[in-house]
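K.L.:
Dropping the structure in here first, questions after.
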Amino acid sequence: MATPPLFFQFRAVRSNIARAYLLLGSLGRPRQPRGQPGAIMGHVPARDVFHSPCQEEVYRKVKSYLDDLVEEHYDDAEHCDFYLKYGTTVIEISIEPYEEDDAVIEILAFCVQGVEPSVDLMKELLQINSEIHLGAFSLVKNDVFYSHSFLGRRINPDQLIASLNAVASISDEYDEKIVRRFGGETALDRLRSASRRTTRSGAVN
């Protein structure tokens, strides 16, 4: 599997921003929506989206770092999320309020989609979790995620890059192994399938 060696080799799934976000909608994500999704690169959410001043401060820091260091990313401004692609993995960065004076940054990889839950799969994920030192795998319905969370008030570019690189690399290392043994498909394969369906549907219409 050809994996980009550096974080700076992140690429977006598609160059068309709106199309890419529609494709991201085909990936499962265990969260409650906050409003109608928007995916406009460079768009900062309205102030009423934030739950605390610190959440807003951390969001703007993360956005600034991504704008400077990442060639391309997608902003889901209504949810305070960002999306990136790394190897066969799609990464989501979310910023949530934590108490009154901090915020939690979660870096989550869409690892495997559409896998059949089983005791063997859960045992395998627990075994992997016991061996890795950062983050953990989780199984939500038919989807496997890998994520790492940390307090963000004192976030700096090096910390963000290191965390992104670690989560993306670990997910990229294990996603195809999980698919080969337990089925399902990688996040990138899911997006490609959705893209083909969208293309065929557009051709018919």
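K.L.:
Using unit Cβ charges (K, R positive; D, E negative) and no other charged atoms, how large, in debye to the nearest 20, is the dipole of the stretch 87-140 about its Cα centre?
P.N.:
Values: 1 positive and 11 negative charges, 83 e Å.
Computed charge dipole of the stretch 87-140: roughly 400 debye.
K.L.:
What does the convex hull of the Cα atoms come to per residue for the stretch 51-191, in Å³?
P.N.:
114 Å³
K.L.:
Still on this structure: Once fully extended, how much extra length lies between VAL119 and PHE150, figured as 0.36 nm per residue of separation less the alpha-carbon to alpha-carbon distance?
P.N.:
Details: separation 31, 0.36 × 31 = 11.16 nm, distance 2.94 nm.
Extending this stretch completely gives an extra 8.2 nm.
K.L.:
In nanometres, what is the gap between the two model label sites at ASP102 and LYS141, each 7 Å from Cα along Cα-to-Cβ?
P.N.:
So the label points at ASP102 and LYS141 sit 3.2 nm apart.
K.L.:
Next question, about the same structure. Exactly which trypsin sites (Lys or Arg not before Pro) in the stretch 52-157 are in a DSSP loop and have at most 13 other Cβ atoms within 10 Å? Could you put the intermediate results ahead of the total?
P.N.:
On the way: sites: ARG60, LYS61, LYS63, LYS85, LYS123, LYS141, ARG153, ARG154; in loops: LYS141, ARG153, ARG154.
Filter output for the stretch 52-157: LYS141, ARG154.
K.L.:
Calculate, for SER64 and LYS177, the FRET efficiency according to 1/(1 + (r/R0)^6) with r their C-beta to C-beta distance and R0 30 Å; round to the nearest 0.05. Walk me through the intermediate numbers first.
P.N.:
Numbers: r = 35 Å, r/R0 = 1.18.
With R0 = 30 Å, the Cβ-Cβ based efficiency is 0.25.
K.L.:
Then there is this: Would you list, by chain and number, the lysines whose Cα falls below 18 Å from the Cα of LYS177, excluding same-chain residues fewer than 8 positions away?
P.N.:
Cα-Cα hits under 18 Å: LYS123.
Coordinate-derived values only; no laboratory data. Keep in mind the model is a prediction, meaning the values are calculated, not measured. Because the Cβ atoms are built from the backbone with ideal geometry, glycine has one as well, and the counts that use them run over all protein chains shown.
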